[in-house]
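Let me begin by presenting the structure, written as C-alpha coordinates, before commenting on it.
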Amino acid sequence: MPATPRRPVIAGNWKMFKTQADTRSFFAAFLPLVAAADHCEIVIAPPFTALAAAVDAARGSRVAIAAQNLHWEPQGAFTGEIAAPMLVEAGCRAVLIGHSERRQFFGETDATVAQKLAAALAAGLQPIVCVGESLEAREQGRTDEILRSQFAGAFAALTAREFSPILLAYEPVWAIGTGRTATPQLAAEAHRFLRAQAESRFGREAAAALRILYGGSVKPGNISGLMAEEEIDGALVGGASLDPASFAAIVKYREG
Ligand code: 13P
(Lines give C-alpha, C1' and ligand atoms only; values in the text may rest on other atoms or scores of the structure.)
Protein backbone atom coordinates (compact mmCIF):
# COMPACT_ATOMS: atom_id res chain seq x y z
CA MET A 1 0.00 0.00 0.00
CA PRO A 2 1.47 3.42 -0.91
CA ALA A 3 2.59 5.45 2.08
CA THR A 4 0.10 8.32 2.04
CA PRO A 5 0.77 10.66 4.94
CA ARG A 6 -2.27 10.53 7.18
CA ARG A 7 -2.61 13.39 9.65
CA PRO A 8 -3.12 12.00 13.15
CA VAL A 9 -6.34 12.75 15.02
CA ILE A 10 -6.64 12.70 18.81
CA ALA A 11 -10.30 12.80 19.80
CA GLY A 12 -11.90 12.92 23.23
CA ASN A 13 -15.34 11.46 23.88
CA TRP A 14 -16.68 12.91 27.10
CA LYS A 15 -19.74 10.64 27.10
CA MET A 16 -22.25 11.77 29.79
CA PHE A 17 -19.73 13.82 31.75
CA LYS A 18 -19.26 17.56 32.30
CA THR A 19 -21.59 20.47 32.84
CA GLN A 20 -21.15 23.78 31.01
CA ALA A 21 -19.12 25.12 33.93
CA ASP A 22 -16.89 22.01 33.85
CA THR A 23 -16.46 22.50 30.12
CA ARG A 24 -15.29 26.10 30.51
CA SER A 25 -12.77 25.09 33.20
CA PHE A 26 -11.51 22.22 31.05
CA PHE A 27 -10.79 24.46 28.06
CA ALA A 28 -9.19 27.16 30.19
CA ALA A 29 -6.69 24.59 31.44
CA PHE A 30 -6.35 22.47 28.28
CA LEU A 31 -5.83 25.02 25.50
CA PRO A 32 -2.58 26.52 26.85
CA LEU A 33 -1.18 22.99 27.26
CA VAL A 34 -1.70 22.11 23.60
CA ALA A 35 -1.09 25.53 22.04
CA ALA A 36 2.16 24.38 20.44
CA ALA A 37 0.96 20.91 19.41
CA ASP A 38 0.34 21.11 15.68
CA HIS A 39 1.30 17.57 14.66
CA CYS A 40 -2.28 16.33 14.95
CA GLU A 41 -5.93 17.32 14.76
CA ILE A 42 -7.73 17.60 18.10
CA VAL A 43 -11.42 16.83 18.48
CA ILE A 44 -13.57 16.92 21.62
CA ALA A 45 -17.09 15.51 21.85
CA PRO A 46 -18.95 16.95 24.88
CA PRO A 47 -22.56 16.12 25.76
CA PHE A 48 -25.22 18.10 23.84
CA THR A 49 -25.85 20.54 26.69
CA ALA A 50 -22.18 21.56 26.79
CA LEU A 51 -21.73 21.93 23.01
CA ALA A 52 -22.31 25.69 22.94
CA ALA A 53 -19.95 26.26 25.87
CA ALA A 54 -17.31 24.07 24.18
CA VAL A 55 -17.66 25.79 20.81
CA ASP A 56 -17.36 29.15 22.50
CA ALA A 57 -14.34 28.11 24.59
CA ALA A 58 -12.58 26.48 21.62
CA ARG A 59 -13.11 29.43 19.26
CA GLY A 60 -9.81 30.56 17.73
CA SER A 61 -8.06 27.32 18.77
CA ARG A 62 -7.33 24.24 16.68
CA VAL A 63 -9.80 22.11 18.62
CA ALA A 64 -12.83 20.95 16.66
CA ILE A 65 -16.02 20.18 18.54
CA ALA A 66 -18.02 17.04 17.78
CA ALA A 67 -21.39 15.74 18.91
CA GLN A 68 -21.79 12.21 20.24
CA ASN A 69 -24.90 11.28 18.26
CA LEU A 70 -27.51 12.66 15.85
CA HIS A 71 -30.83 11.74 14.30
CA TRP A 72 -31.00 10.87 10.60
CA GLU A 73 -33.87 13.22 9.73
CA PRO A 74 -33.15 16.94 9.29
CA GLN A 75 -36.13 17.76 11.55
CA GLY A 76 -39.37 16.17 12.68
CA ALA A 77 -41.51 14.82 15.49
CA PHE A 78 -38.77 12.83 17.23
CA THR A 79 -38.91 13.78 20.90
CA GLY A 80 -35.51 13.92 22.53
CA GLU A 81 -33.51 13.76 19.31
CA ILE A 82 -31.09 16.23 17.67
CA ALA A 83 -30.72 16.77 13.91
CA ALA A 84 -27.53 17.31 11.90
CA PRO A 85 -28.36 20.90 10.84
CA MET A 86 -28.87 21.78 14.54
CA LEU A 87 -25.40 20.46 15.32
CA VAL A 88 -23.92 22.47 12.46
CA GLU A 89 -25.65 25.59 13.72
CA ALA A 90 -24.32 24.91 17.23
CA GLY A 91 -20.80 24.96 15.79
CA CYS A 92 -20.06 21.23 15.58
CA ARG A 93 -17.72 20.09 12.85
CA ALA A 94 -17.91 16.35 13.46
CA VAL A 95 -20.16 13.70 14.99
CA LEU A 96 -19.63 10.26 16.52
CA ILE A 97 -21.81 7.59 14.96
CA GLY A 98 -22.37 4.01 16.12
CA HIS A 99 -20.45 4.13 19.38
CA SER A 100 -20.63 0.71 21.04
CA GLU A 101 -22.46 2.20 24.03
CA ARG A 102 -25.18 3.35 21.66
CA ARG A 103 -25.22 -0.05 19.97
CA GLN A 104 -25.35 -1.85 23.34
CA PHE A 105 -27.74 0.33 25.32
CA PHE A 106 -29.77 2.39 22.84
CA GLY A 107 -30.60 0.05 20.00
CA GLU A 108 -28.15 1.45 17.44
CA THR A 109 -27.83 -0.91 14.50
CA ASP A 110 -25.78 -0.96 11.31
CA ALA A 111 -28.92 0.28 9.54
CA THR A 112 -29.30 3.35 11.78
CA VAL A 113 -25.56 3.95 11.56
CA ALA A 114 -25.87 4.09 7.76
CA GLN A 115 -28.85 6.47 7.98
CA LYS A 116 -27.06 8.76 10.44
CA LEU A 117 -23.95 8.68 8.28
CA ALA A 118 -25.93 9.89 5.28
CA ALA A 119 -27.47 12.69 7.37
CA ALA A 120 -24.08 13.79 8.73
CA LEU A 121 -22.52 13.85 5.26
CA ALA A 122 -25.46 15.76 3.82
CA ALA A 123 -25.04 18.42 6.53
CA GLY A 124 -21.27 18.66 6.07
CA LEU A 125 -20.40 17.12 9.43
CA GLN A 126 -17.35 14.85 9.55
CA PRO A 127 -18.54 11.41 10.68
CA ILE A 128 -16.44 9.44 13.16
CA VAL A 129 -17.87 5.96 12.73
CA CYS A 130 -17.19 3.49 15.53
CA VAL A 131 -16.89 -0.26 15.09
CA GLY A 132 -15.58 -3.00 17.35
CA GLU A 133 -16.18 -6.51 18.57
CA SER A 134 -17.43 -7.67 21.97
CA LEU A 135 -15.32 -9.85 24.26
CA GLU A 136 -17.53 -12.81 23.43
CA ALA A 137 -17.03 -12.32 19.70
CA ARG A 138 -13.25 -12.05 20.13
CA GLU A 139 -13.11 -15.18 22.27
CA GLN A 140 -15.15 -17.05 19.67
CA GLY A 141 -12.72 -15.94 16.94
CA ARG A 142 -15.43 -13.87 15.25
CA THR A 143 -13.65 -10.49 15.31
CA ASP A 144 -13.10 -10.31 11.54
CA GLU A 145 -16.66 -11.37 10.85
CA ILE A 146 -18.06 -8.66 13.15
CA LEU A 147 -15.80 -5.95 11.75
CA ARG A 148 -16.60 -6.99 8.18
CA SER A 149 -20.33 -6.81 8.79
CA GLN A 150 -20.18 -3.52 10.70
CA PHE A 151 -18.07 -2.02 7.92
CA ALA A 152 -20.37 -3.27 5.18
CA GLY A 153 -23.48 -2.25 7.14
CA ALA A 154 -22.27 1.30 7.64
CA PHE A 155 -20.71 2.05 4.27
CA ALA A 156 -22.52 -0.11 1.69
CA ALA A 157 -24.43 2.79 0.16
CA LEU A 158 -21.50 5.21 -0.19
CA THR A 159 -19.31 6.15 -3.15
CA ALA A 160 -15.55 6.49 -2.66
CA ARG A 161 -15.99 10.25 -2.76
CA GLU A 162 -18.62 10.20 -0.02
CA PHE A 163 -16.41 7.85 2.00
CA SER A 164 -13.37 10.15 1.87
CA PRO A 165 -14.07 12.52 4.81
CA ILE A 166 -14.99 9.70 7.18
CA LEU A 167 -12.89 8.81 10.21
CA LEU A 168 -13.18 5.23 11.36
CA ALA A 169 -12.71 4.37 15.04
CA TYR A 170 -11.86 0.82 16.03
CA GLU A 171 -13.04 0.38 19.61
CA PRO A 172 -13.04 -3.20 20.85
CA VAL A 173 -15.86 -3.29 23.39
CA TRP A 174 -13.77 -5.30 25.88
CA ALA A 175 -11.21 -2.49 26.02
CA ILE A 176 -13.64 0.36 26.69
CA GLY A 177 -13.56 1.68 30.25
CA THR A 178 -11.95 -1.54 31.45
CA GLY A 179 -8.31 -0.49 31.64
CA ARG A 180 -7.66 -3.41 29.32
CA THR A 181 -6.07 -1.70 26.30
CA ALA A 182 -5.56 -3.69 23.12
CA THR A 183 -1.87 -4.19 22.50
CA PRO A 184 -0.56 -1.96 19.72
CA GLN A 185 -0.05 -5.09 17.60
CA LEU A 186 -3.58 -6.36 18.13
CA ALA A 187 -5.06 -2.93 17.38
CA ALA A 188 -2.88 -2.59 14.28
CA GLU A 189 -4.04 -6.00 13.07
CA ALA A 190 -7.69 -4.96 13.33
CA HIS A 191 -6.91 -1.66 11.60
CA ARG A 192 -5.20 -3.56 8.77
CA PHE A 193 -8.27 -5.71 8.41
CA LEU A 194 -10.55 -2.65 8.30
CA ARG A 195 -8.27 -0.94 5.77
CA ALA A 196 -8.49 -4.05 3.61
CA GLN A 197 -12.29 -3.78 3.77
CA ALA A 198 -11.99 -0.17 2.64
CA GLU A 199 -9.71 -1.20 -0.20
CA SER A 200 -12.03 -3.87 -1.51
CA ARG A 201 -15.04 -1.56 -1.29
CA PHE A 202 -13.58 1.82 -2.30
CA GLY A 203 -10.19 1.10 -3.88
CA ARG A 204 -6.55 1.42 -2.98
CA GLU A 205 -6.33 5.18 -2.85
CA ALA A 206 -9.33 5.62 -0.53
CA ALA A 207 -8.02 2.86 1.75
CA ALA A 208 -4.54 4.38 1.93
CA ALA A 209 -6.01 7.77 2.87
CA LEU A 210 -8.49 6.42 5.45
CA ARG A 211 -7.66 7.45 9.01
CA ILE A 212 -8.44 4.79 11.59
CA LEU A 213 -8.41 5.76 15.27
CA TYR A 214 -8.02 3.26 18.09
CA GLY A 215 -10.23 3.58 21.17
CA GLY A 216 -10.37 1.63 24.42
CA SER A 217 -8.50 2.57 27.63
CA VAL A 218 -6.09 4.93 25.85
CA LYS A 219 -4.01 6.68 28.52
CA PRO A 220 -0.93 8.96 28.61
CA GLY A 221 1.14 5.85 29.39
CA ASN A 222 0.11 3.76 26.37
CA ILE A 223 -0.52 6.31 23.62
CA SER A 224 3.01 6.48 22.23
CA GLY A 225 3.20 2.70 21.83
CA LEU A 226 -0.11 2.74 19.96
CA MET A 227 0.86 5.70 17.75
CA ALA A 228 4.15 4.02 16.87
CA GLU A 229 2.11 1.57 14.78
CA GLU A 230 1.88 2.81 11.21
CA GLU A 231 -1.68 1.47 10.99
CA ILE A 232 -2.92 3.56 13.94
CA ASP A 233 -3.75 7.09 12.85
CA GLY A 234 -5.03 8.44 16.13
CA ALA A 235 -7.07 7.73 19.21
CA LEU A 236 -10.60 8.09 20.49
CA VAL A 237 -10.23 8.62 24.20
CA GLY A 238 -12.94 8.28 26.85
CA GLY A 239 -12.02 8.52 30.53
CA ALA A 240 -8.57 10.01 30.01
CA SER A 241 -9.99 12.88 27.93
CA LEU A 242 -11.86 14.30 30.94
CA ASP A 243 -8.80 15.66 32.66
CA PRO A 244 -7.02 18.53 30.85
CA ALA A 245 -3.50 17.41 31.82
CA SER A 246 -4.08 13.79 30.90
CA PHE A 247 -5.74 14.59 27.56
CA ALA A 248 -2.99 17.11 26.78
CA ALA A 249 -0.37 14.44 27.53
CA ILE A 250 -2.14 12.12 25.06
CA VAL A 251 -2.25 14.87 22.41
CA LYS A 252 1.48 15.38 22.97
CA TYR A 253 2.26 11.65 22.61
CA ARG A 254 5.43 12.43 20.69
CA GLU A 255 6.97 14.00 23.75
CA GLY A 256 6.10 11.02 25.98
P1 13P B 1 -12.21 4.70 27.52
O2 13P B 1 -11.02 5.47 26.97
O3 13P B 1 -12.74 5.28 28.80
O4 13P B 1 -11.93 3.23 27.57
O5 13P B 1 -13.40 4.90 26.47
C6 13P B 1 -13.15 4.66 25.11
C7 13P B 1 -14.31 5.13 24.32
O8 13P B 1 -15.37 4.55 24.36
C9 13P B 1 -14.14 6.34 23.50
O10 13P B 1 -15.21 6.52 22.64
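The values are calculated or read from the model by the stated rules, or taken from the named source; none is laboratory data. Predicted model only: the values in this text are computed from it and were never measured. Cβ placement follows ideal geometry from the backbone for every residue including glycine, while neighbour counts extend to all protein chains displayed. All accessible areas refer to the heavy atoms of the entire protein, side chains included, with ligands and DNA or RNA removed. Shrake-Rupley method; radii C 1.70, N 1.55, O 1.52, S 1.80 Å.
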Quiz item: Between ALA157 and GLU205, what FRET efficiency follows from the Cβ-Cβ distance if R0 is 22 Å, with the result rounded to 0.05?
Solution: 0.65
Self-check item: nm² value of the averaged projected area, convex hull over the Cα atoms of the chain
Solution: 12.7 nm²
Quiz item: When you take every Cα atom in the stretch 1-72, what is the radius of gyration, and what is Dmax, the widest Cα pair distance, in Å?
Solution: 13.7, 46
Quiz prompt | Normalised contact order of the stretch 187-256, rounded percent, pairs of Cα under 8 Å and 6 or more residues apart | solution = 31 percent
Quiz item: Ordering LEU135, LEU121 by how much accessible area each has at a 1.4 Å probe, largest first, what is the list?
Solution: LEU135, LEU121
Quiz item: Just from the alpha-carbon atoms, what are the Rg and Dmax of the stretch 1-128 in angstroms?
Solution: 15.2, 47
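List the trypsin sites (Lys or Arg not before Pro) within the stretch 134-166 that fall in a DSSP loop (any state other than H, G, I, E or B) and whose Cβ has at most 16 other Cβ atoms within 10 Å.
Of the trypsin sites (Lys or Arg not before Pro), the ones in loops of the stretch 134-166 whose Cβ has at most 16 other Cβ atoms within 10 Å are ARG142.
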Quiz item: Can you work out ³J(HN,Hα) from phi for every residue in the stretch 29-40, in order, using Karplus 6.51 cos²θ - 1.76 cosθ + 1.60 and θ = phi - 60°, giving whole Hz and x for Gly and Pro?
Solution: 7, 6, 4, x, 5, 10, 4, 9, 8, 10, 7, 8
Quiz item: Which values, in whole Å and largest first, are the semi-axes of the equivalent ellipsoid of the stretch 118-256 obtained as the square root of 5 times each eigenvalue of the Cα gyration tensor?
Solution: 24, 18, 14
Quiz prompt | DSSP-defined beta bridges in the chain - what % are antiparallel, rounded to 5 | solution = 0 percent
Exercise. Sort out for me the Cα centre separation of the stretch 85-117 from the stretch 123-170, rounded to whole Å.
Key: 13 Å
Quiz prompt | FRET efficiency for GLU255 and THR183, using Cβ-Cβ distance with R0 set to 25 Å, rounded to 0.05 | solution = 0.65
Quiz item: Residue by residue, what Karplus-based ³J(HN,Hα) values in Hz, rounded to whole numbers, does the stretch 148-163 have, using 6.51, -1.76 and 1.60 with θ = phi - 60° and x for Gly and Pro?
Solution: 4, 6, 5, 5, 4, x, 7, 10, 3, 8, 8, 8, 4, 5, 5, 6
Quiz item: How high is the relative contact order of the chain, in percent, with contacts defined as C-alpha pairs under 8 Å that are six or more residues apart?
Solution: 22 percent
Practice problem: Set the Förster radius R0 to 25 Å, insert the Cβ-Cβ distance between THR79 and PHE17 as r into 1/(1 + (r/R0)^6), and round the FRET efficiency to 0.05. | Solution: 0.55
Self-check item: Qualifying aspartates and glutamates (Cα of each under 12 Å from Cα of LYS18; at least 8 residues distant if same chain)
Solution: ASP243
Quiz item: On full extension of the chain, what length is gained from GLN140 through ALA90, given 0.36 nm per residue of separation minus the C-alpha to C-alpha distance?
Solution: 13.7 nm
Quiz item: Given a 1.4 Å probe and every protein chain left where it sits, what share in percent of the accessible area of the chain is carbon and sulfur?
Solution: 54 percent
Practice problem: May I ask you to give the solvent-accessible area per residue for the chain, in square angstrom, as obtained with a 1.4 angstrom probe? | Solution: 45 Å²
Practice problem: Ignoring everything but the protein chains, give the 1.4 Å probe accessible area of LYS252 in square angstrom, nearest 10. | Solution: 50 Å²
